[in-house]
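Below: one structure, written as structure tokens.
The values are calculated or read from the model by the stated rules, or taken from the named source; none is laboratory data. Predicted, not measured: the structure shown is a model, and the values here were computed from it. Cβ sites come from the backbone with ideal geometry, for glycine too, and all protein chains shown count toward neighbours. All accessible areas refer to the heavy atoms of the entire protein, side chains included, with ligands and DNA or RNA removed. Shrake-Rupley method; radii C 1.70, N 1.55, O 1.52, S 1.80 Å.
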Amino acid sequence: MSDSKPSSAPMIELQAVNKWYGEFHVLRDINLQVARGEKVVVCGPSGSGKSTMIRCINRLEEHQQGRITVAGIELNADLKNIDAVRREVGMVFQQFNLFPHLTVLQNLTLAPIWVRKLPKKEAEETARYYLERVRIPDQADKYPGQLSGGQQQRVAIARSLCMKPEIMLFDEPTSALDPEMIKEVLDVMVGLAEEGMTMVCVTHEMGFARTVADMMVFMDRGEVIERAPPKDFFANPKSDRTRAFLSQILAH
Amino acid sequence: MASEEAFLRTAPARPAPWRDPKIRAVAYQVAFVGGLVALVAFVIHNLLGNIGRQNIATGFGFLGREAAFGIGESLIEYSPADTYARAFLVGLTNTLHVAALGVIFATILGTVMGLARLSSNWLVAKLARVYVETFRNVPLTLQLFFWWGLLNKMSPGPRQAWQILPDVFVSNRGIVYPVPFANPAYWWVAAAFLIGLVVTIGFGRWAKRRQIATGQQLPTGWVALALIVGLPLVVFFGFGAPLALDVPSLQGFNFSGGSSMSPEFAALLLGLVIYTGTFIAEIVRAGILAVSWGQSEAAMALGLRSGQRMRLVVLPQALRVIVPPLTSQYLSLTKNSSLAVIIGFPDLVSIANTTMNQTGQAIEGIAMIMAVYLFLSLSISFAMNIYNRAVAMVER
Amino acid sequence: MTYIVQDIPVAAQAPPPRPSGVIGWLKANLFNGITSTILTLLCVALFAIAIPPVIRWGLIDAIWQAPNGPACHGNGACWAFIGEKFRFILFGFFPVAETWRPIVVVGIFLLMIIASCNRRMWGRRLGILWILGLFVVFALMRGGFAGMSQVETAQWSGLPLTLILAVVGMLFGFPFGVLLALGRRSKLPAVRAICVGYIELIRGVPLITLLFMASLMLPLFLPAGVTIDKLVRAQVAFILFAGAYLAEVVRGGLQAIPRGQIEAADALGLSYIQRTRLIVLPQALSMVIPPLVNTFIGIFKDTALVIIISLFDLLTMAETSLTDANWQGFYVEAYIFVGVIYWSFCFFMSRYSQLLEREFNRGKRR
């Protein structure tokens, strides 16, 4: 349970967002607001468009209709806006996507040096601080190929945090991990949540959702079906489709 | 008890000799090597017999004899009165000359075409594809015949030479093109270029140190352009822009002035560059595609711009995939330059062939050719292994 | 903490109208951006300059019928030259009256190649098919029985010779290459050293030197009185060459076999030969079929080099056809004719190999 009160102006706002892949209508009339400090968990069956939706937030995907505003900046074709948004939004991928030709430390300092134009020493201090936070300070000089999956994902989280983003997006961060490594990554994410980070997380980990989320969002076939705080979402889902999904996911 | 312990402490008894793996290994190898040695002995026996019967000379003494044949083109001084050894040297320099130029131009052509295949412009991508598919699937030998036929047999005499560019003429005597007259100003321009290069490198280093210290990024690209291109240009114009060209002009039956390239050399270079360029194009394309899209996405998510993405994330990974097959293409090009013999360009194999015909010493000649190419191959492989080990990505 | 519930499904709508059809495609693919537009214009200019003269030369001004060379020289191509010479280029010095024999031979090769593409044939059946096919090919080319006149190997020329050199080179080079690859990975140092030495030696030198070696030196290596046919000499060179390159391809497959396979085979008590024959080789070879096909394409192109040692393959026949005093100067036509033949073989084989690679990768992805 988070104890920070979300403030008034929304950090992320999606208004009537529609997206098509060719003829396929993948996002249908999405309306979503995320306040500062709010933690939103997005769940739903595969193919429901959840990944596509959060990838629209940092313009890794383009929406064709509707309006997306992030931290007050409107997301459109203007490169300046896109760059500004990406500086404030950090993303953690399912496949980690660490840069294999750079050491862990270099992975973390790359963007601060080249995008925020920090001196190397300062960037490295920040990097070591966040490596400490994700509990792998001694791996700084190793290469990603030498780390386990759980360690790599924690490095990926630290890499995004080094840019000191306002918002963190997680696209199924634990889906590619072996079961024994999921907890170490979730622990890091819980710690982040407790510090008041604005988070949008696509995940199947319902235990994590119950602990951390302020708002649960259920998506199916491209639309937002239901949106409720976790207490009500899990105990009393209002829509049939939500109920069907939950019964499958919570079966064991 | 004690005796049991003592028994257990000794090593297990060796099996009978014919079942012992170590002895069998030795036996197999002895049999294998023995068989080979017997074969070689048989061959040598025949060889010596045939040499004696056919009165073939042996030994490398012929290298000191006078060659008594002319060589069409050479980078070093040569006359028929020189030794066979010198003739070989001429062949070697010709091979290295065409191979070096071939490697440079094929790399440029191949990289451009490889990137063109990845272009978002449909027309450019398709044209590059047509280039690759056309010239990759036709034997190099045929392509050489084609270019040589075009440049040597189908081109007109100098009097009716084709003019493909202002002052550049193609005739059956070769390609003539203008060169600037030697002018002291050019030395200054060259000096300016070198100075520009050195200062650019120094500036780059200083800019990097500054970035590490303060994070500030300096426009090294523009500075490099200004120094490497701008400075020599300034010097050039400072000297009054001397551009007096030695232009080839028809004098009687042939061109004089300018510089020329024999049809054989031009055909060989053209064929090698166009053929090898197709393979290099595919290698470059595969290398860039090999870097997963997720890498670009992660870089984008971190806020890196497209130029930075290319330079810091995609290209370093792509190069690791590109360089090994690229060096093997360089090797291939060098070996393919030996096809010069079919169009009469005096490379190493061609000259060795003439020598073997004249002296009858085929074995020594072929051995020398193989030794040279083997040396080149092994050097290039060795260099590539060092590069590979240096940039190998570290894994568990 | 607002609830949202949306039980009524939002119907799928059509995407917003993008400029579709031809204009839309043009905009997206040819004119998307300044650089792209400039490039498109450059390409179009290139076409405008290059294509009309070629069409004029090749089709409009071309002469399709002519009694002799001088009558055929004009502004355009002289396809009458090809009409006159194509039998000579394709089948060379084979007796004209029995041209049906090399035609059948080429047909047999084509059939065998097409049959090899059929996945169901792979395995021992294919090997037997090729050996039988080659036997028939040699019988037809040689003749000397059933009313066919005997034709010496010196007269085997043109496309059949090219195919024979390439196919026999691969067929014999393949088992040789497999043995070399196994030897290179052997634990016995002497065997390994010799195999590595051979492979690096052959791969480090140009094929021309091997052809020279075979044609000039091989006779010297044989006992007195034993002569060796020129075709056989060249064939030996191709087999030795193919073996070294195929060894490297097979080695790649062997290296990809997980250690666990060998350990499982050992645990079951299989001998080295059994393990190799039953477990390792089948997996290794099926993995490297695309590079094997690519190697065959390379060797097929390399057969053109036999012009050096005066064997009359397809390219040499083209060159020879140009020496006819009555038909002088039709280089481009001859090279285009032969080029199209080589290109067709190589292009379709390479498409096949790309298809195989795609299927193999599809199977690998989980």
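Quick notes on this one:
- Residue match in the range B:60-81 (condition: within 14 Å of chain C (Cβ to nearest Cβ) and either surrounded by 12 or more Cβ atoms within 10 Å (Cβ to Cβ) or not in a helix (DSSP H, G or I) (or both)): no
- Number of positions in the range A:60-92 that are within 23 Å of B:Gln295 (Cα to Cα) and within 8 Å of another protein chain (Cβ to nearest Cβ): 7
- Of residues in the range B:122-136 being more than 10 Å from chain C (Cβ to nearest Cβ), open to solvent by less than 60 Å² (accessible area, probe 1.4 Å) and of a type outside the set (Val, Ile, Thr), the one nearest to B:Thr111 (Cα to Cα): B:Ala128
- Flag: B:Val314 does not match the condition of being in contact (Cβ under 8 Å) with a residue 60 or more places away in the chain and either under 26 Å from the mean Cα position of the chain (by Cα) or closer than 30 Å to C:Gly339 by Cα (or both).
- Within the range B:237-268, being in contact (Cβ under 8 Å) with a residue 60 or more places away in the chain, assigned to a helix (DSSP H, G or I) and open to solvent by 20 Å² or more (accessible area, probe 1.4 Å) holds for one residue alone: B:Glu264.
- For B:Lys208, the conditions (1) more than 14 Å from chain A (Cβ to nearest Cβ); (2) over 30 Å from B:Gly157 (Cβ atoms); (3) open to solvent by 70 Å² or more (accessible area, probe 1.4 Å) all hold with the exception of (1).
- Checked against (1) within 13 Å of chain A (Cβ to nearest Cβ); (2) among the hydrophobic types (A, V, I, L, M, F, W, C); (3) crowded, with 17+ Cβ neighbours inside 10 Å, B:Trp293 passes all but condition (3).
- Extreme residue, surrounded by the fewest Cβ atoms within 10 Å (Cβ to Cβ), among residues of the range C:325-335 that are touching a residue at least 24 places away in the same chain (Cβ under 8 Å) and outside any loop (DSSP other than H, G, I, E, B): C:Val332
- Filter pass, C:Thr153 being over 18 Å from the mean Cα position of the chain (by Cα) and farther than 18 Å from C:Val232 by Cα: no
- The range B:32-84: number of residues that are among the aromatic types (Phe, Trp, Tyr) and modelled with pLDDT of 85 or more: 3
- Flag if C:Leu268 is surrounded by 13 or more Cβ atoms within 10 Å (Cβ to Cβ) and among the hydrophobic types (A, V, I, L, M, F, W, C): no
- Within the range A:83-122, being aromatic (Phe, Trp, Tyr) and open to solvent by 40 Å² or more (accessible area, probe 1.4 Å) holds for one residue alone: A:Trp114.
- Conditions (1) farther than 30 Å from A:Gly207 by Cα; (2) more than 11 Å from chain B (Cβ to nearest Cβ); number of the one not met by A:Thr109: (2)
- Screening the range C:22-97 for helices (runs of 4 or more DSSP H) wholly inside it with 2 or more residues that are more than 24 Å from B:Ala128 (Cβ to Cβ) returns the ranges C:69-72, C:79-91.
- If you go through the range B:254-299 and pick out every residue that is more than 23 Å from B:Pro325 (Cβ to Cβ) and of a type in the set (Gly, Ala, Ser), you end up with 11.
- Here the condition is being facing chain B (nearest Cβ under 9 Å) and either surrounded by fewer than 16 Cβ atoms within 10 Å (Cβ to Cβ) or among the small types (Gly, Ala, Ser) (or both); of C:Ala181, C:Ala190, it holds for C:Ala190 alone.
- Top-ranked residue in the range B:104-115 [being aliphatic (A, V, I, L, M) and surrounded by 21 or more Cβ atoms within 10 Å (Cβ to Cβ); ranked as nearest to the chain's Cα centre (by Cα)]: B:Ala106
- Here the condition is being over 28 Å from the mean Cα position of the chain (by Cα) and open to solvent by 10 Å² or more (accessible area, probe 1.4 Å); of B:Gly344, B:Gly360, B:Gly303, it holds for B:Gly360 alone.
- Sole residue being within 13 Å of chain B (Cβ to nearest Cβ), out of contact with any Pro (no Cβ under 6 Å at 6 or more places or on another chain) and either without any contact (Cβ under 8 Å) to a residue 40 or more places away in the chain or open to solvent by less than 30 Å² (accessible area, probe 1.4 Å) (or both), chosen from C:Ser321, C:Ser310, C:Ser353: C:Ser321
- Meets criteria (of a type in the set (Gly, Ala, Ser) and over 20 Å from the mean Cα position of the chain (by Cα)) for B:Ser332: no
- Among residues of the range A:174-227, those that are within 14 Å of chain C (Cβ to nearest Cβ) and either out of contact with any Gly (no Cβ under 6 Å at 6 or more places or on another chain) or modelled with pLDDT of 95 or more (or both), counted: 12
- Applying the criterion of at least 2 residues that are among the hydroxyl-bearing types (Ser, Thr, Tyr) to the helices (runs of 4 or more DSSP H) found wholly in the range B:293-368 leaves B:315-336, B:348-359.
- Filter pass, A:Val190 being surrounded by fewer than 19 Cβ atoms within 10 Å (Cβ to Cβ), outside any strand (DSSP E or B) and in contact (Cβ under 8 Å) with a residue 12 or more places away in the chain: yes
- Hey, A:Lys117 facing chain B (nearest Cβ under 7 Å) and without any contact (Cβ under 8 Å) to a residue 40 or more places away in the chain or not: yes
- Look at the range B:182-201: where a residue is open to solvent by 100 Å² or more (accessible area, probe 1.4 Å) and a partner is part of a helix (DSSP H, G or I), sitting 6+ places away or on another chain with Cβ atoms under 6 Å, you get B:Trp188/B:Val235.
- Looking only at residues in the range B:372-382 that are of a type in the set (A, V, I, L, M, F, W, C) and open to solvent by less than 60 Å² (accessible area, probe 1.4 Å), the one that is modelled with the lowest pLDDT is B:Ile380.
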